[in-house]
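Nothing in this text is a laboratory measurement; each read-out follows from the coordinates by a stated rule. From a predicted model like this one, the values you see are computed outputs, not experimental measurements. Methodologically, a virtual Cβ is constructed for each residue, glycine included, from the backbone with ideal geometry; neighbour enumeration extends over all protein chains shown.
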There are 2 protein chains.
Amino acid sequence: MTPAENAQLALLLEVAGTPKPGNVDRERDFPDLRFEHFLAGAVGSGSGLRAAEDGAPVGEAFERAVAGMSRQRGGNTQFGALLLLVPLVRAAASGGESGSGDLSPEDATRVVEATTTEDAANFYRAFDHADVFVDDPPEDAQTLDVRRGSDAIPAVEERDATLSDVLALGDDDDDVAAEWTGGFERTFRAADRLADLPDSVPASAKAAQVYLELLAREPDTLVAKQHGTKTAESVRVRAQEALEGGPEVVAAFAESLVADGVNPGTTADLTAAGLFVALERGEVTV
Amino acid sequence: MTPAENAQLALLLEVAGTPKPGNVDRERDFPDLRFEHFLAGAVGSGSGLRAAEDGAPVGEAFERAVAGMSRQRGGNTQFGALLLLVPLVRAAASGGESGSGDLSPEDATRVVEATTTEDAANFYRAFDHADVFVDDPPEDAQTLDVRRGSDAIPAVEERDATLSDVLALGDDDDDVAAEWTGGFERTFRAADRLADLPDSVPASAKAAQVYLELLAREPDTLVAKQHGTKTAESVRVRAQEALEGGPEVVAAFAESLVADGVNPGTTADLTAAGLFVALERGEVTV
């Protein structure tokens, strides 16, 4: 598989993993956001992922992936996952043959550090395609509010902000942005955990397990933005209990998150990114 | 979505539709053939489907799609579906813009009739990539046995057999071949049925419903080859009863097919092809 194919497969395996408490999965639809929207999102992302593989600038490839992802009626299915996958695909494609085992945090960071103001502009354009839940920007960066979409581009250009700079504005409150500025630490840790699980476990079951481990380790930043940091910490603690309590506790935890409308989407994004790295390194196979 | 994207989405929606008695689906894995193998098969097929869209000859695009599909450990996941989808993608891409509602049986037949001996040779090469269950060839066509894979190519070339000719040898016993020689009649009928179902029904649920209708209408030819025509007819009758009996009868029917190792794979292939036509015509949306 090429890096772009592994990224598409990572998106599909992530959503197929079940149970993934609080998120759509193989056995869970929400009324307006269903499994099939994620399937269509993964298909539509392909063109942008291939652009990244073929050497397109990260921002351009990301905008294209998000535009493709958005051609379904479920809304934002994989924006955060693509924001992680596009630089990782770029890094994997630059670093040599797929499956060579070479992909490293350093490769990913090199891609991040090479981003430009043009990448940042295309990142803002991507927000025109999808309705992404984001928090208020820092006080000194109101003009760079991503919710302004392409309207913010003049301000981005005036500040000479690269895409890496823009994401650094949000890395305290958004764990996808924190991956960009922190060497994709949790992504690679997730990949290592996926690699540790026995070969006999199906890839999508590995994904569900590592999702729960990630959720138990750090509060989900989407949950924090939508429901506050206390709720996010409580979800983290309950994920830890579910991890220790086994399938029935996990199922009850999943039901309660759905009942409360709590969706740990950032943790799902990190899971997809970890799957990509593990597939790319040949540590997870299907 | 482009034709190649719609074909990839059709493969995914087909396998996501549940319950699809006797086949892997969103809620059913077999021990060695799992849902995730179909996800990987759909991802891997992408390159061949895009080749068909871009104007590659049907045989070449099909071989490439099958080679890509086969890069997973579940074995043959979507060979028959791809044999239907590749000419349909080619027809859709030749016929104008996606979503124009133009794709017709005549377009598909034009693609079939234009196939060459080179397409036939690549069709045989495709059998080198996947372990496909097929029956004995007609007595006068032993040298064209597809199980010989690329070893049969000299005989194909000696006879000047086109891919359409080769499939005509099997159209009595194989309903994928029969689509090629019969104007994709069941494919387009399936698309019409998919279009008839209410908008409120998710696309994958439409797929499951139409799968059962197809299975109730004609005996599945893969079941006939593997278990005999009596079993195939009995499965057809029971599919009809399940259709009339509602969810519990469908579930019991599904359990009994799994227990007996009966896999109506041709009907699943036709469902995927019908989904493609309906997506392409904008009659099914996600």
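Ascending distances from the A:Thr143 label point to its copies in the other chains, with the point 7 Å along the Cα-to-beta-carbon line: 7.8 nm. Using the Cα gyration tensor of chain B, with a ≥ b ≥ c the square roots of its eigenvalues, what is the shape: rounded (a/c below 1.5), prolate (a/b larger than b/c) or oblate (neither)? Here chain B falls in the oblate category. For the range A:179-277, a simple Cβ point-charge model (Lys and Arg +1, Asp and Glu -1, everything else neutral) yields a dipole of about 200 debye relative to the Cα centre. Taking Cα centre as origin and charging only the Cβ of basic (Lys, Arg, +1) and acidic (Asp, Glu, -1) residues, the dipole magnitude of the protein assembly as shown rounds to 740 debye.
Counting only other chain Cβ atoms within 10 Å of each residue's Cβ, the peptide A:22-35 averages 2. Note that the range B:179-194 has calculated 3J(HN,Hα) couplings of 5, 4, 8, x, x, 6, 4, 6, 4, 6, 5, 4, 4, 5, 5, 4 Hz, one per residue in order, obtained from phi through the Karplus relation 6.51 cos²θ - 1.76 cosθ + 1.60 (θ = phi - 60°); glycine and proline are x. Is the C-alpha gyration tensor of the protein assembly as shown telling us rounded, prolate or oblate? Criteria: a/c under 1.5 is rounded; beyond that, a/b larger than b/c is prolate, otherwise oblate. Prolate, since a/c reaches 1.5 and a/b exceeds b/c. In a simple Cβ point-charge model (Lys, Arg +1; Asp, Glu -1; nothing else charged), the range A:168-214 has a dipole of about 300 debye relative to its Cα centre. Check the straight Cα-Cα distances from B:Lys20 and name the lysines below 22 Å, setting aside those fewer than 8 residues away within the same chain. Excluding near neighbours in sequence, the set is B:Lys206, B:Lys225, B:Lys230. Rounded, prolate or oblate, given the Cα gyration tensor of the range A:1-147, with a/c below 1.5 counting as rounded? Verdict is oblate for the range A:1-147. Largest GNM mean-square fluctuation among B:Leu88, B:Leu215, B:Leu243, using chain B with Cα springs under 10 Å: B:Leu243. The relative contact order of chain A comes to 24 percent, based on Cα pairs under 8 Å that sit 6 or more residues apart.
Between identical copies, the spacing of A:Gly246 label points, each set 7 Å from Cα toward the C-beta atom, reads 3.6 nm from nearest to farthest.
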